[in-house]
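Here is the structure we will look at.
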Amino acid sequence: MLTEEQKFTFDLKGYIVLPGVLEPDLVDRLKAHTEMLENDPESLPAHERSLPGGPFADLIDHPAVIDLLEFTISNNPEKWRLESAFVSVRKYGDQGIGPHGGGPTLNPNYHYHAYNNKIYSGMLRVVFELNEVVYDKGGTLFMAGSHKSNFKVPQSVFDKSQREEVTKSFLFDRYACPPGSIVAFAEAVCHSGNTWEVKEHNRIAVFYAYNHVNVRHHKPRFDKAVIDGLSAERQAFFREVYHPLFDRRY
């Protein structure tokens, strides 16, 4: 269960780091499967050739993820959707995507508000870090608090000519964490990739995007064989978007 301090931190900053919550055996299996996907996917069964097949299925409803979904999206599991899953492998010197998100929005995909000690967020991004992330050496950057800011994020943050200077400024938070950590954030918070500067190992990160059932951000591109290979409980995360008319269960 999330502690009161963790809940406060997530609402305050828009993101949270949960160090080392994945089992070491699961981390090893995920890394081995990632290597197979990169080098020899045809040797795998059809239902394990893309995410969230194989050991990646164990991430869908990991207990730490369930805690986050209950806190940030809904207490009702029928309101959860998983609509995007991919693994990112970045080598030394590889850059990430530039800053995006943040600032006030009425878009239900990103809308974020808190009421009565409960968060209501349209989308939660969960990142599973499979290798150590060294502080300021390439993890995701976060503009803490920008998911609730009353003013637009300055255009200078997004301008390519100023990006490097801005992302190195005090505006963006960095983090460090051991293998098997979870970094979860509201999609509404301004965030950015960063150049991976660790020579000893790659950044291997698995990105899952969870939504409230009322909204959709990505166009799902899951392989039918992969979804069919999941348990019925996990298949339920891939329900269609719908609006539960007169449904007052939050």
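The values are calculated or read from the model by the stated rules, or taken from the named source; none is laboratory data. Bear in mind the structure is a predicted one, so any value in this text is a computation, not a measurement. Here the Cβ positions follow ideal geometry from the backbone for every residue, glycine too, while neighbour counts run over all protein chains shown. With ligands, DNA and RNA removed, areas are computed over all heavy atoms of the protein, side chains included. Shrake-Rupley method; radii C 1.70, N 1.55, O 1.52, S 1.80 Å.
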query: For the range 83-103, what are the residues that are assigned to a loop (DSSP other than H, G, I, E, B), surrounded by 20 or more Cβ atoms within 10 Å (Cβ to Cβ) and of a type in the set (A, V, I, L, M, F, W, C)?
result: none
statement: In the set Leu18, Leu44, Leu59, Leu26, the lone residue that is over 20 Å from the mean Cα position of the chain (by Cα) and at pLDDT 95 or above is Leu44
- request: Can you run down the residue pairs with Cβ atoms below 8 Å, 6 or more apart or on separate chains, where the first is in the range 53-78 and over 18 Å from Gln235 (Cα atoms) and the partner is modelled with pLDDT of 95 or more and among the small types (Gly, Ala, Ser)?
  value: Leu68/Ala184; Thr72/Ala184; Thr72/Ala186
message: I need the full set of residues from the range 199-242 which are open to solvent by less than 10 Å² (accessible area, probe 1.4 Å) and part of a loop (DSSP other than H, G, I, E, B), in order please.
response: Val213
- prompt: Taking Glu38 and the conditions (1) open to solvent by 50 Å² or more (accessible area, probe 1.4 Å); (2) assigned to a helix (DSSP H, G or I); (3) under 26 Å from Tyr110 (Cα atoms), which numbered condition does it fall short on, given that it satisfies the others?
  reply: (3)
field: Odd one out for Phe185, checked against (1) surrounded by fewer than 18 Cβ atoms within 10 Å (Cβ to Cβ); (2) in contact with a His (Cβ under 7 Å, 6 or more places away or on another chain); (3) not β-branched (Val, Ile, Thr)
entry: (1)
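Within the range 153-174, which residues are within 21 Å of Val17 (Cβ to Cβ) and open to solvent by less than 70 Å² (accessible area, probe 1.4 Å)?
First, pick out the residues of the range 153-174 that are within 21 Å of Val17 (Cβ to Cβ): 167-174.
Answer for the range 153-174, where residues must be within 21 Å of Val17 (Cβ to Cβ) and open to solvent by less than 70 Å² (accessible area, probe 1.4 Å): Thr167, Ser169, Leu171, Phe172, Asp173, Arg174.
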- prompt: Identify, please: which residue in the range 140-152 is among the hydroxyl-bearing types (Ser, Thr, Tyr) and part of a loop (DSSP other than H, G, I, E, B) and is, among those, most open to solvent (accessible area, probe 1.4 Å)?
  reply: Ser149
message: If the requirement is being modelled with pLDDT under 95, touching an Asp or Glu at 6+ places or on another chain (Cβ under 9 Å) and of a type in the set (Lys, Arg), which of these qualifies: Lys137, Lys148?
response: Lys148
message: Take the residues in the range 106-116 that are touching a residue at least 60 places away in the same chain (Cβ under 8 Å) and either small (Gly, Ala, Ser) or open to solvent by 50 Å² or more (accessible area, probe 1.4 Å) (or both); name whichever of them is farthest from Arg216 (Cα to Cα).
response: Ala114
field: Residue in the range 30-66 that is nearest to Lys224 (Cα to Cα), counting only those that are in contact with a helix residue (DSSP H, G or I) (Cβ under 7 Å, 6 or more places away or on another chain) and among the acidic types (Asp, Glu)
entry: Glu48
- request: For Ile119, indicate whether it is of a type in the set (A, V, I, L, M, F, W, C), modelled with pLDDT of 95 or more and surrounded by 14 or more Cβ atoms within 10 Å (Cβ to Cβ).
  value: no
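If a residue must be over 16 Å from Val134 (Cα atoms) and either in a loop (DSSP other than H, G, I, E, B) or modelled with pLDDT of 95 or more (or both), how many such residues does the range 162-191 contain? Reasoning before the result, please.
Step one: filter the range 162-191 for residues over 16 Å from Val134 (Cα atoms), giving 162-167, 169-171, 184-191.
Within this subset, residues satisfying the condition of being either in a loop (DSSP other than H, G, I, E, B) or modelled with pLDDT of 95 or more (or both) are 169-171, 184-191.
Within the range 162-191, residues that are over 16 Å from Val134 (Cα atoms) and either in a loop (DSSP other than H, G, I, E, B) or modelled with pLDDT of 95 or more (or both) number 11.
Here are Ala114, Ala144: which of them is more than 23 Å from Ser181 (Cβ to Cβ) and either among the β-branched types (Val, Ile, Thr) or touching a helix residue (DSSP H, G or I) at 6+ places or on another chain (Cβ under 8 Å) (or both)?
On the way: Ala144 fails: more than 23 Å from Ser181 (Cβ to Cβ).
Sole residue among the options that is more than 23 Å from Ser181 (Cβ to Cβ) and either among the β-branched types (Val, Ile, Thr) or touching a helix residue (DSSP H, G or I) at 6+ places or on another chain (Cβ under 8 Å) (or both): Ala114.
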message: Name the residue that is farthest from Phe170 (Cα to Cα), counting only residues in the range 127-139 that are open to solvent by less than 10 Å² (accessible area, probe 1.4 Å) and among the β-branched types (Val, Ile, Thr).
response: Val127
